[in-house]
Structures are given as structure tokens and as C-alpha cells.
Amino acid sequence: MINLISSLFSEGKIYLFFYLLFFFFAVLEITRNLKQYKICLAFISFVLLAFFTGLRWETGTDWFSYKELFDTLELNWTFLLNVYSFDLGYVILNAIVRFFTIDYTIFLLIDSFIAVGIVYWFVKKYSPNPNISFFVFYNAFFVAQFMGSNRRIISLGAALFVFYFVHQVNKKKYAYWQTLAFLFHRSSILLLFTWFIPHKRLKSKQIYIILIICLVVGILQIPFKAVGFIGELFSAFSNNPIIEKMLYYSENSEGVISENVNPVILMTLSVIKRSVFISFYLYVIKKNNGVLDSLSDYFFNVYIIGFAIYLLFNGSPIFQMLSTYFTFIEIVLIGRFWSYTTVKTKLFFLGVLLFYGLFQLLSSLNAYPELYIPYKSY
């Protein structure tokens, strides 16, 4: 970690620049005279992040496999054969861009503006405090998720709208966003379970019971072993890529994780981090006598379920990543709960977030520092 901090300050200053910039925007957002400019600041954040990930070169995870797909894609019906390894929506997007240009940077820019644009759209509509949302987004999700997984980042953005339209019980619009998410990453099929998440906010006692049970079951690795068993069972009847992925990750979970990542330490730090946020949310609920708007209540439940899924798959960081579809709602949840707090509370928690943000950034870079530092542009 010492080496990472050293390289971050020597060769990775651009990551620190965005970290401090978005924190500064979050501070400005609670300043009375500057509140009217919060959407403008959020738009600047969106544009900067879209260009940041769109103009990278050989930086971030999965770089070479995605570039190889774009470079070798044949513009005839055979390109659909690539769907076996990649997802249909992503392959079609590659084909459309490839039809007009062979410049991979242009494709990355389009992919990035779509992915970050969906996030900005949702944050603008449903987070009363978009800049605190972008600060959490950058530190907790952008570096780790958006600088590499060209497919999954669009699915994550679509998941936000999935939750909203499930809350609204708008099945038509839900189906649209669920389909978009699935077309770009098959793992988003997990979002079907969103319909079973209660709309009425979970009580504190219920939250503790759910999380403790999931932690115990996760330590026993029952869900992880069950996925492997189900994969083996269905593999006898089908060669579906989803089933093959289940088998591969259940058999090679630790082999696909960076040697820099200790699953036990990662699990412990993640639990501490999420516990801090849950404590903040419960504090806000208590201070407001348990009265919040229904959408915030529902998003809070989604976040708790995401944390529960993470605990259930203890020992398997790959399967734990599935919880990101649910915990990603955190970027809007923090913005909504922010509105229920006093300026004094905001300033105090901003102090907490200042240290949390740097820690989260380091944690994101620690898995594959050699793929992120130095940042290389096209």
C-alpha cells in the first residue's frame, strides 16, 4: 500500500485531482449562494469523467480483450458469433461504431458518454444533491467499475432506472431498462429479484437480523457452493454461457482475482465502509422521526439487500461483485438522505467522506495498480 500511495502522488496525480475536485464541488453544493449552480457542477463532473475514461489508452482492466473485439469484428452476420463471449448489445454497439470508423478511441468515447451519461441523467433527476452523489460515484465505483468493464458499466446505469420503475410499478419502462441491462451484461439477470424487495422501509431490527444471518451463511459459503452445484446440474442439459460462467467462477474464484487482493481483508474493509454509511442513514432516519419520502425508503432497502448479497457470497469476490447492481444505488441514496440533514451534520460527514474517499480510491487502484498508474491517454 505504501508503494501505491507513493506512485499515486508521483505518477497518478490525475486521480487525486478528480478526487479533490469532486470533493470541492460537494462542499460548494451546501453553500447557500452556490446551490443554484449544483446541476452545472454535476454536468461538468459528467463531461470530465466521460472524457477521462474515454480517452484512456492501455489503462484499466480488460483493455486488450475489448480492443481485440473492436479491431477484429467483421461487419457481416458472423459478428453475432462474438455474442458467445461478449453480450449482444455490446457487440452491436461495436459493430455500429466500427461501420463508421476503425478508431477505437472514438468507440471508447461513445461507450463512456453513454455509460456515464445514464448515471448523470439518473442523478440529475433523482438526487437532490448531485455533487455529493458524483463524489461517492467517483471514489466507490468509477475507478473500479467504469475504467475497464465497457459492457457492465452500461448495465449498472440501466439498473438505477430498473429500481426506479419497479418502485413506480411501471412494468413497460422497467422492461425496457431491464432488457438494456441484460443486453450489455448477462449478470444483470439478477435484477429480476428487484420485484421482491419491499417498498416499505426495513426497520433497524430487521436490518440487523438480515445482515447477521447473511454474514453467518456467507462465512459457511453455502450460497457459493450452491451456485457451483446448480451450474454443474444444468451443464448436463445446456451449454448456455451463463451456466458456463457460473461453473468457471465457482471453480476458479480465487484464480481470477489479483494477487494484491486479500479476500478476508477486502471483506472486512467493505463491511466497515458500508457499516459507516448505514449508520449515517439510520442516524438521519432517527433525526427525522422515521419520516422520509417513499422513494428514499425503497432505495434504502435496495442498498441493504445489496449489502446482504455481498455478505452471502463471502469468500468469492467475483460473485460478490454481483451485489454492485444493488449497492450502486448508494450514489443517489446519499444525495437523497443529504437533504434531510443539517449543514452541521453535512460538514461533519463530509470530513468522514474526505478520508473515506481517499481510502476507497486507494482500494480501487490496489487490485491492479500497474493497469491504472500511470494514466495513459490516446
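Taking θ as phi - 60°, what are the ³J(HN,Hα) couplings along the range 156-166 by the Karplus curve (6.51, -1.76, 1.60), each to the nearest whole Hz, with x for Gly and Pro?
Calculated HN-Hα couplings, in order: 5, x, 4, 4, 4, 6, 4, 4, 4, 6, 5 Hz.
What's the local net charge at Q360, with K and R +1, D and E -1, over the other residues with C-beta under 12 Å away?
Computed value for this residue: +1.
So if R0 is 35 Å, what FRET efficiency would Q36 and L88 give, r being the distance between their Cβ atoms, rounded to the nearest 0.05?
So the FRET efficiency works out to roughly 0.25.
What does the net charge come to around F134 if you take all other residues with beta carbon closer than 15 Å to its beta carbon, with K and R at +1 and D and E at -1?
+2
With θ set to phi - 60° and the Karplus curve 6.51 cos²θ - 1.76 cosθ + 1.60, what are the ³J(HN,Hα) couplings of the range 189-197 in order, to the nearest whole Hz, using x for Gly and Pro?
4, 4, 5, 4, 6, 4, 5, 8, 7
Using the Kirkwood radius over C-alpha pairs as Rh, can you work out the diffusion coefficient of the range 328-378 via Stokes-Einstein at 10 °C, viscosity 1.306 mPa s, in µm² per second?
Taking Rh from Cα pairs, D becomes 120 µm²/s.
Ranking request for peptides 334-342, 57-65, 363-371, 115-123: highest mean number of other beta-carbon atoms within 10 Å first, then the rest in descending order.
For the peptides 334-342, 57-65, 363-371, 115-123, the packing ranking is 115-123, 334-342, 363-371, 57-65.
Please work out the Cα convex hull volume for the range 272-367 and give it in Å³ per residue.
96
What number comes out for the charge environment of Q145, summing +1 per Lys or Arg and -1 per Asp or Glu over other residues with Cβ under 13 Å away?
Charge balance near Q145 sits at 0.
Between their Cα atoms, which of K67/K376; K38/K125; K124/K376 are more than 19 Å away from each other?
From K67/K376; K38/K125; K124/K376, over 19 Å: K124/K376.
Based on the Cβ-Cβ distance from I209 to W57, what FRET efficiency comes out when R0 is 41 Å, to the nearest 0.05?
Using R0 = 41 Å, I get an efficiency of 0.25.
Any read-out appearing in this document is the output of simple, stated calculations on the displayed coordinates, not a laboratory observation. Computed from a prediction, not measured in an experiment: that's the story for all the values here. Don't worry about glycine lacking a Cβ; one is built from the backbone with ideal geometry, like all the others, and counts go over all protein chains shown.
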